[in-house]
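K.L.:
Take this structure first; my questions come after.
The values are calculated or read from the model by the stated rules, or taken from the named source; none is laboratory data. The structure presented is a predicted model; accordingly, all values stated were derived computationally and were not measured. Don't worry about glycine lacking a Cβ; one is built from the backbone with ideal geometry, like all the others, and counts go over all protein chains shown. Just the protein is used for accessible areas: all its heavy atoms, side chains included, with ligands, DNA and RNA removed. Shrake-Rupley method; radii C 1.70, N 1.55, O 1.52, S 1.80 Å.
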Amino acid sequence: MASTQLNLDAVIVGAGFSGLYMLHRLREAGFSTCVFEAGDNVGGTWYWNRYPGARCDVESIYYNYTFSEELLNEWTWSAKYAEQPEILRYINFVADKFDLRRDIQFKTRVNTAHYDEEKNRWDIQLDNGQSVTAKFFITAVGCLSASNVPKMKGLETFKGEWYHTGHWPHEKVEFKGKRVGVIGTGSSGIQSIPVIAQEAEHLTVFQRTPQYSSPARNTAHDPEYLKEIRANYNEIKTQMQQSAVGIPVVQGERSALEDPPEERQRLFEAAWEKGGLMTLSSTYNDLSINPEANETAQEFIRSKIREVVKNPEVAEKLLPSFYYGTKRTIIDTNYFETYNRDNVTLIDVRKAPIQEITASGIKTAEEEYDLDMIVFATGFDAMTGPLFKMDIRGKDGVSLKEKWAGGSQTRTYLGIGTAGFPNMFMLTGPESPSVLSNMMVSIEQHVEWVSDCLNYLRENGLGVIEANEDAENNWNQHCREVADMTLFTKTDSWYMGANIEGKARGFQIYLGGVGTYRQICDDVADKGYEGFALIPSKEPVL
Ligand code: N01
C-alpha cells in the first residue's frame, strides 16, 4: 500500500473471506479502503488452521463465494468436503482474480481503533507504529480466530514441541516416530486425531467431554454432478439464502416421538449411511428443541459408537451425554475407528484432570504420560475474543470491552453495529447467524448489506450511522428469546462462552435462521436503516 494513503474511507481488519469480499465491494463502489492483516497472506481461518485433517464440514459446492458467476464457473472443487489446502488455494485464486493484494497490508496487526467524535473519524494504530484514519471501521476478524491455549501449569517447562490447531506451523510437522498427545475432542481434535494416529508412534488423546460425531462420507466429485450444480446454481443460491443455516437441507416435518422406534431407527440409519453435516440432525423437526426427541438421536449415536469401538471400556469413555447438536455438530472420517488402533490411548481427563505439563509430558491426577509433542485442539475465545484483541473505543473513549463488560453484556444491533460506536461495522459479529450458518452465505449477506449502507450514506449526504440503544436492546432480547426456545442454552459450550475461564455465559448467535435474518436486515435498510441514528455529514467526506 502506498504510504500516502493514510486517510481512508474505510479500514477493514482481516483478509479472510469476509475482509476480501468487503474490500472488493467497497473498491468497486469507489471507496478508498485498505485491509490490514496480521498474517503474511490471505485466508484468515484457512490461513491459520493448517492442522492435519483440516477440512470444511460444509459441502464445497455451498462453501464458496456466489457473487460472481464468472468465479463460480472458473473454480472446480475436487471433493464433497474440501480440505484446507484446497480452500486456501481458492482464496488465493480469488485474491489474484480480483487483484485484491494491492490494497492489503500483510504482517500488520491493528492494535487500537479509537473513534474521534469531533472529527467523526476512526484513528487506527497499527503494530508497526503506523497510524491511519478512516471514516468507517469494519472488522472482518472472524468468530474463531483467537486461539485458546488453556492456562496449564508447567507448559513452559515442556521439552518437546507443542502446537495449537488454530495456529498451526506452515512447515510440515513430523509425527513419525513420536509420542503425541492431543488435548481436546471438538471439531479440530476429531479431524486431526485419525490423521495423526496414522503417522505417530503413539497417540494419547486427552478427552474432557466426549462428542457426538457422525461420518462425513467424503467423496471425490463426479463431473456430471458438478455440471448439474452449475446449471442450477441460481436456484441453489436462492435456496441457500432463504434457508435456516445457509445450505439447502431437507428438514423432517414431524417429531421424532411420532414415529415408532423401528421407523426412527430406519431414518437415523439412512442418515448415518448418507453422511453429512445436517443429515442426521434434520431427520426430525424437534431434535433441537425437545429433550425427549433429542434423547432418541443421542442414543442412536451412542449405539453407533458402541458398535464401532471394539474395546467396550474405551467405547464407554467415548459416549457423550449432553443434548445432541448443542455443541457444534461434527462429521468425521474414521474418528471412532481410530480408537481400535493399537497405537492410540484414550484418557478421560474429566475423571482424572490434567494437573500439569511437565518437562517430559502431561501429568493427570492418576498418571504421567511421556510425550514428544502436545497438540492443543482446545478451541477459541469465540465471537468477542477476536474483537477484544484490539483496543476498540467508541464515543467518550468507552472501550468495547467495557461496554460489553468483557463479554457478559454483549449487545449489538443485528450483529452488525453497536450503540456508542458510530461508523463501525462488525462482519459476522455477535448476535448474527455467523457460526451457526454456512459462513459464506452470512459473510456475503453482511458485506453486501454494509456496502449498500455506505452507498446509501454517500448518496444521502449522511456522515454518521450509529445503532440506537433501544434497537440493540430489543435485538439482544430477541436473540436470547429465540435461543432459549432451543436446547442450545442448556449445554456448556463455546457458543455460551463456557470454554473460557472467567468468561461470562451468554448465547451470542442469532438462531432465527439466515433467511429470516436476511429479511430483517433488508427491511431495516428499506426503512432507511430503522433502528440506526443517521446524522448528516458536516463535510463531503465520501
Ligand atoms: O474447539 P472446541 P475446536 N483441558 O472448543 C477441550 C469450528 N471448526 O477447535 O468440551 C482439557 O470445539 C474441550 O473440552 P470441553 C467449529 O465451529 C470447524 O475443535 O470444553 N480439554 C473440547 O473437547 C468448531 O466448533 C471446522 O470439555 C480442554 C476441545 O478442547 C469450532 O471451530 C473444523 C481444555 C475444544 O473444542 C471450534 O472447534 C474445526 C482443558 N483445559 C473447527 N480446554 C470445520 O470443519 C478445552 N478443552 C469447518
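K.L.:
Based on the Cα atoms of the range 155-376, what semi-axes does the equivalent ellipsoid have, where each is the square root of 5 times one gyration tensor eigenvalue, given in whole Å with the largest first?
P.N.:
35, 23, 15
K.L.:
On to the next question. Over the alpha-carbon set of the range 377-496, divide Rg by the Kirkwood Rh and report the Rg/Rh ratio to two decimals.
P.N.:
With Rh from the inverse mean 1/r over Cα pairs, Rg/Rh is 0.97.
K.L.:
Right, another one. Tell me the label-point distance for the pair E263, A352, using the 7 Å Cα-to-Cβ offset, in nm and rounded to one decimal.
P.N.:
Rounded to a tenth, the inter-label distance reads 4.8 nm.
K.L.:
Next question. Equivalent-ellipsoid semi-axes (√(5λ), Cα gyration tensor) for the chain, whole Å, largest first?
P.N.:
Semi-axes, largest first: 39, 27, 23 Å.
K.L.:
Using 0.36 nm times the number of residues separating T133 and D222, minus their current alpha carbon distance, what extension gain do you get?
P.N.:
The T133-D222 span can extend by a further 27.1 nm.
K.L.:
Give me the dipole magnitude in Debye, nearest 20, for the range 155-376 about the Cα centre, with unit charges on the beta carbon: positive for Lys and Arg, negative for Asp and Glu.
P.N.:
Charge dipole of the range 155-376: 340 debye, to the nearest 20.
K.L.:
Taking the Cα of S303, stepping 7 Å toward and past its beta carbon, and measuring to each backbone N in the range 274-291: which are under 14 Å?
P.N.:
Correct set: none at all.
K.L.:
Moving on. Taking the Cα of A270, stepping 7 Å toward and past its beta carbon, and measuring to each backbone N in the range 46-73: which are under 13 Å?
P.N.:
Correct set: none at all.
K.L.:
Carbon and sulfur together cover what percent of the accessible area of the chain at a 1.4 Å probe radius?
P.N.:
Of all accessible area on the chain, carbon and sulfur atoms account for 47 percent.
K.L.:
Here is a follow-up. Mind scanning K151/K317; K107/K159; K153/K401; K135/K395 and naming the pairs with a C-alpha gap bigger than 19 Å?
P.N.:
The pairs that break the limit, which is 19 Å between Cα atoms, are K151/K317; K107/K159; K153/K401.
K.L.:
Among 515-523, 464-472, how do they line up by average Cβ neighbours within 10 Å per residue, starting with the highest?
P.N.:
Final packing ranking: 464-472, 515-523.
K.L.:
To continue, here is another question. Run the quick spin-label model on H167 and E118: label points 7 Å from Cα toward the beta carbon, then report their separation in nm to one decimal.
P.N.:
Spacing of the two 7 Å Cα→Cβ label points: 3.8 nm.
K.L.:
Which FRET efficiency value, to the nearest 0.05, do you get for S360 and E295 by plugging their Cβ-Cβ distance into 1/(1 + (r/R0)^6) with R0 = 45 Å?
P.N.:
Computed FRET efficiency for S360 and E295: 0.55.
K.L.:
Which FRET efficiency value, to the nearest 0.05, is calculated for T157 and D452 with the Förster distance at 51 angstrom and r the Cβ-Cβ distance?
P.N.:
0.40
K.L.:
Quote the accessible area belonging to R50 in square angstrom, nearest 10, computed with a 1.4 Å probe and with ligands, DNA and RNA left uncounted.
P.N.:
The value for R50 is about 60 Å².
K.L.:
Residue-wise, which Karplus ³J(HN,Hα) couplings in Hz belong to the range 281-290, taking 6.51 cos²θ - 1.76 cosθ + 1.60, θ = phi - 60°, and x for glycine or proline?
P.N.:
5, 9, 4, 10, 8, 10, 5, 8, 10, 10
K.L.:
What percent do you get for the relative contact order of the chain when only Cα pairs under 8 Å and 6+ apart count?
P.N.:
Once normalised by length, the contact order is 19 percent.
K.L.:
Take the alpha carbon atoms of the range 194-225, find their center, do the same for the range 468-491, and report the distance between the two centers in whole angstrom.
P.N.:
34
K.L.:
What angle, in degrees between 0 and 90 and rounded to the nearest 10, separates the Cα long axis of helix 233-242 from the longest principal axis of the Cα atoms of the chain?
P.N.:
The answer is roughly 90 degrees.
K.L.:
Once amide H atoms are placed 1.01 Å from N in the peptide plane, what residues at a sequence separation of 5 or more from E431, or on another chain, have their amide H within under 5 Å of its amide H?
P.N.:
I509, Y510
K.L.:
For a quick protection proxy, order the peptides 111-121, 199-209 by their average other-Cβ count within 10 Å, most packed first.
P.N.:
For the peptides 111-121, 199-209, the packing ranking is 199-209, 111-121.
K.L.:
If you don't mind, there's one more thing I want to ask. What does the net charge come to around F507 if you take all other residues with beta carbon closer than 12 Å to its beta carbon, with K and R at +1 and D and E at -1?
P.N.:
-1
K.L.:
Sticking with this structure for a sec: To the nearest 10 degrees, how steep is helix 514-526 against the longest Cα principal axis of the chain, on a 0 to 90 scale?
P.N.:
10
K.L.:
To continue, here is another question. If you count only protein heavy atoms with a 1.4 Å probe, what accessible area per residue comes out for the chain, rounded to a whole Å²?
P.N.:
That works out to 41 Å² for each residue.
K.L.:
If R₀ is 51 angstrom, what is the calculated FRET efficiency for the pair N111 and R254, using the beta carbon separation as r and rounding to 0.05?
P.N.:
In this case the efficiency is close to 0.45.
K.L.:
Next question. So how do 418-430, 268-280 stack up, highest first, on mean other-Cβ count within 10 Å?
P.N.:
Descending packing order for the listed peptides: 418-430, 268-280.
K.L.:
Hey, can you grab everything whose amide H is under 5 Å from the amide H of I374? Only 5+ residues off in sequence or another chain; H modelled, so Pro and N-termini drop out.
P.N.:
Answer set, sorted by chain and number: E161, W162, Y163, G181.
K.L.:
On to the next question. Would you pull out the residues with amide H under 5 Å of G417's amide H, same chain only if 5 or more places away, H placed 1.01 Å from N?
P.N.:
Residues meeting the amide H criterion: M426.
K.L.:
Before rounding to the nearest 500, sum -39500 (n - 2.57) across all DSSP H runs of length at least 4 in the chain and divide by the residue total; then give [θ] at 222 nm in deg cm²/dmol.
P.N.:
Mean residue ellipticity at 222 nm (helix-derived): -9000 deg cm²/dmol.
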